[in-house]
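Before any comments, here is the structure.
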Amino acid sequence: MAEEILPVIYSDRAVANALTIKNFLLFKFTPREVKNFYKMLEKFEKIVSAFPEIYPKSIINSKARRAVLSKQLSVFLYCL
């Protein structure tokens, strides 16, 4: 088990990207897909806040890690 639960803080760019994805899903699909998208993010937040080290480190920046949430969606996180 993780020693402590870390906060998840989204950058302004991450929030803007999430809103863009939401708008795309609403345009091409239904509100159900938006709900599923936000559920996926919530699940990711719970996992990454408890176990940030489970995601592989970036070769370019050792503080960055890449989490693949789905075939189409990856999230980059920075462990400070």
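The values are calculated or read from the model by the stated rules, or taken from the named source; none is laboratory data. Remember, predicted model here, so these are calculated numbers, not experimental data. Reconstructed Cβ throughout: ideal geometry from the backbone, glycine too, with neighbour counts over all protein chains shown. Side chains are part of the model used for accessible areas, which takes the heavy atoms of the whole protein and leaves out ligands, DNA and RNA. Shrake-Rupley method; radii C 1.70, N 1.55, O 1.52, S 1.80 Å.
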Report yes if some residue within region 21-36 is out of contact with any helix residue (DSSP H, G or I) (no Cβ under 6 Å at 6 or more places or on another chain), surrounded by 14 or more Cβ atoms within 10 Å (Cβ to Cβ) and among the aliphatic types (A, V, I, L, M); otherwise report no. yes
Does region 45-65 include one or more residues that are surrounded by 14 or more Cβ atoms within 10 Å (Cβ to Cβ), of a type in the set (Gly, Ala, Ser) and out of contact with any strand residue (DSSP E or B) (no Cβ under 6 Å at 6 or more places or on another chain)? yes
Count - residues of region 1-20 that are part of a helix (DSSP H, G or I) and open to solvent by 100 Å² or more (accessible area, probe 1.4 Å): 2
So for region 50-73 (the condition being among the hydrophobic types (A, V, I, L, M, F, W, C) and either modelled with pLDDT of 95 or more or assigned to a helix (DSSP H, G or I) (or both)), does at least one residue qualify? yes
